[in-house]
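The next block holds one structure in the form of structure tokens; read it before the comments.
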Amino acid sequence: MNKPYIHHYAPDNASLIIRIALGILGTPYEAVLVDRSVTAQQSPAYLSLNPLGMIPALETPNGMIFEKGAILLWLADRHAGIFSAPDNAARWESLKWLFFISNSLHAGLRQMFYLEKIIVAEHAAKLRGGIAQRIQSDFAQIEHLIVDPQTLLGGAKPTTLDIYACSCLRWAQLYPATYTDNWVEIETFPALRALAQRTELLPSVRAVQPSEGLRPTPF
Ligand SMILES: N[C@@H](CCC(=O)N[C@@H](CS)C(=O)NCC(=O)O)C(=O)O
């Protein structure tokens, strides 16, 4: 079968969201590993695809796309079914939450995980509490959205927002709670946890478990 896309990924990295989205859309793609153990994301070959040296990157018949928010939106626009269509008058509603998850919740998680890359350890310890508080409040927003039947989160059909929110929930649970005494209290988000339990049953999630190194209940 002709594969229109080449997805450059690393297991359980931000590329996971794109991979699940491609699976839900049912569009064929080739998965190419970017081997972080040898810093392949900084190799000349990879930098020629994504000059930012970040994963994911998606080769498409129209050109190379990087930045996961842009990839998710581009895919959603070309393959109907997991996000508001471009001509949907209510699209603004789902757009703002996509950007919220990408720019606030996911950005906060990345700050938390890689804090020592940008600040010395003694200051990092002080900052963690504040970042954790913001992440907790971002998850609370998501919880609130799921309870609201008007949103594209937690509905009958899986959406970009569902898989992105569930992936963030996964990564939050992997973070060692001992690093900060106010880490995210997952049990305070019952709607998000229920969504995560439904989402991990999706064939597109199950299909990528071996190559992404996920356990059977990844979220
Ligand atoms: N702004 C990028 C961030 C993606 C990102 O954080 N990727 C991480 C993996 S989860 C990465 O490529 N890290 C490699 C590095 O820092 O060298 C996006 O939204 O796609």
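Within the range 179-201, if we keep just the residues that are under 15 Å from I24 (Cβ atoms) and in contact with a helix residue (DSSP H, G or I) (Cβ under 7 Å, 6 or more places away or on another chain), the residue that is surrounded by the fewest Cβ atoms within 10 Å (Cβ to Cβ) turns out to be T199. I'd like to know if the range 121-142 contains one or more residues that are under 20 Å from D12 (Cα atoms), within 11 Å of the ligand (Cβ to nearest atom) and outside any loop (DSSP other than H, G, I, E, B). No, every residue in the range 121-142 fails to be under 20 Å from D12 (Cα atoms), within 11 Å of the ligand (Cβ to nearest atom) and outside any loop (DSSP other than H, G, I, E, B). Against the list (1) surrounded by fewer than 14 Cβ atoms within 10 Å (Cβ to Cβ); (2) modelled with pLDDT of 90 or more, the condition P176 fails is (2).
Yes or no: W171 crowded, with 17+ Cβ neighbours inside 10 Å, at pLDDT below 95 and within 22 Å of T217 (Cβ to Cβ)?
Against the criterion (crowded, with 17+ Cβ neighbours inside 10 Å, at pLDDT below 95 and within 22 Å of T217 (Cβ to Cβ)), W171 does not qualify.
Does any residue of the range 76-99 turn out to be in the same structural domain as L161 (by TED's automatic domain parsing), touching a Leu at 6+ places or on another chain (Cβ under 7 Å), within 13 Å of the ligand (Cβ to nearest atom) and part of a helix (DSSP H, G or I)? There is at least one residue in the range 76-99 that is in the same structural domain as L161 (by TED's automatic domain parsing), touching a Leu at 6+ places or on another chain (Cβ under 7 Å), within 13 Å of the ligand (Cβ to nearest atom) and part of a helix (DSSP H, G or I).
The listed residues are I55, I71, and the only one of them that is near the ligand (Cβ under 10 Å from one of its atoms), at pLDDT 95 or above and in a loop (DSSP other than H, G, I, E, B) turns out to be I55. The set of residues in the range 137-158 that are of a type in the set (S, T, N, Q) and crowded, with 23+ Cβ neighbours inside 10 Å is empty.
Give the residues of the range 108-120 that are surrounded by fewer than 16 Cβ atoms within 10 Å (Cβ to Cβ), within 16 Å of the ligand (Cβ to nearest atom) and not hydroxyl-bearing (S, T, Y), sorted by residue number.
R110, F113, E116, K117, I118, I119
For the criterion of being in contact with a Ser or Thr (Cβ under 9 Å, 6 or more places away or on another chain) and surrounded by 19 or more Cβ atoms within 10 Å (Cβ to Cβ), I82 passes. Among the residues making up the range 95-153, a single one is among the small types (G, A, S) and closer than 18 Å to A194 by Cβ: A140. Considering (1) away from the ligand (no atom under 12 Å from the Cβ); (2) crowded, with 19+ Cβ neighbours inside 10 Å, the lone condition that A14 does not fulfil carries the number (1).
Looking across R78, R110, one residue alone is closer than 15 Å to N13 by Cα and among the basic types (K, R). It is R110. When L49 is tested against the conditions (1) near the ligand (Cβ under 9 Å from one of its atoms); (2) assigned to a loop (DSSP other than H, G, I, E, B); (3) farther than 18 Å from I163 by Cα, the lone failure is (1).
The values are calculated or read from the model by the stated rules, or taken from the named source; none is laboratory data. From a predicted model like this one, the values you see are computed outputs, not experimental measurements. Because the Cβ atoms are built from the backbone with ideal geometry, glycine has one as well, and the counts that use them run over all protein chains shown.
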